């Protein structure tokens, strides 16, 4: 057994660094831990935390390829965040011009969930505790 402890971080490559930086910090509320310009790679690396826990590395690269399809392409399907009250979070997102899909109910857990997308159309799930 490998004895894995937890997910350390999620790496996301964006097409418009400033737009994605605003989305993850101002819309979703992540905190910037560190921002590094890697001149030799023409790339930014932004380390983001949520509630004091390091979660996301946001990268920019010149001309990254587009995601092949949504959401069933090979690779990462989506990222999901726990919320206490999904309706309250949707109201906050709507006020920021983000409009998630209609709320669904997980047929196995009975919990509510929904999806919306980041600026590069990466699917993001909200899952009620």
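Every read-out reported here was derived from the displayed coordinates using simple, explicitly stated rules and does not represent laboratory data. Given the structure is predicted, the values throughout are model-derived calculations rather than measurements. Virtual Cβ from ideal backbone geometry, glycine too; neighbours counted across all protein chains shown.
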Rank these for me by crowding, 8, 78, going from fewest to most other beta carbons within 10 Å.
-> 8, 78
Counting only DSSP beta bridges with both residues in region 1-64, tell me the antiparallel percent, nearest 5.
-> 70
Residues residue 31 and residue 61, FRET efficiency given R0 of 25 Å [Cβ-Cβ distance, rounded to 0.05] | 0.60
Within 10 Å of each residue's Cβ, count the other Cβ atoms and sort 24, 127, 17 from fewest upward.
-> 127, 17, 24
Where only alpha carbons of region 1-64 are counted, the Rg and the Dmax (Å) = 12.9, 41
Rounded to the nearest 0.05, what FRET efficiency do residue 95 and residue 16 have when you use their Cβ-Cβ distance and R0 = 30 Å?
-> 0.85
For the chain: Kirkwood Rh in Å [reciprocal of mean 1/r, alpha carbons] | 16.0
Quick numbers on region 77-129, Rg and Dmax over C-alpha atoms in Å, give 10.7, 31
DSSP bridge pairs, region 77-129: antiparallel proportion in percent, nearest 5 | 60
Residue order, fewest to most surrounding Cβ atoms within 10 angstrom, among 81, 99, 108, 23 = 108, 99, 81, 23
Taking the chain as the reference, fit the longest principal axis to its C-alpha atoms, fit the long axis of helix 86-95 to the helix C-alpha atoms, and give the angle between the two in degrees, 0 to 90, nearest 10.
-> 50
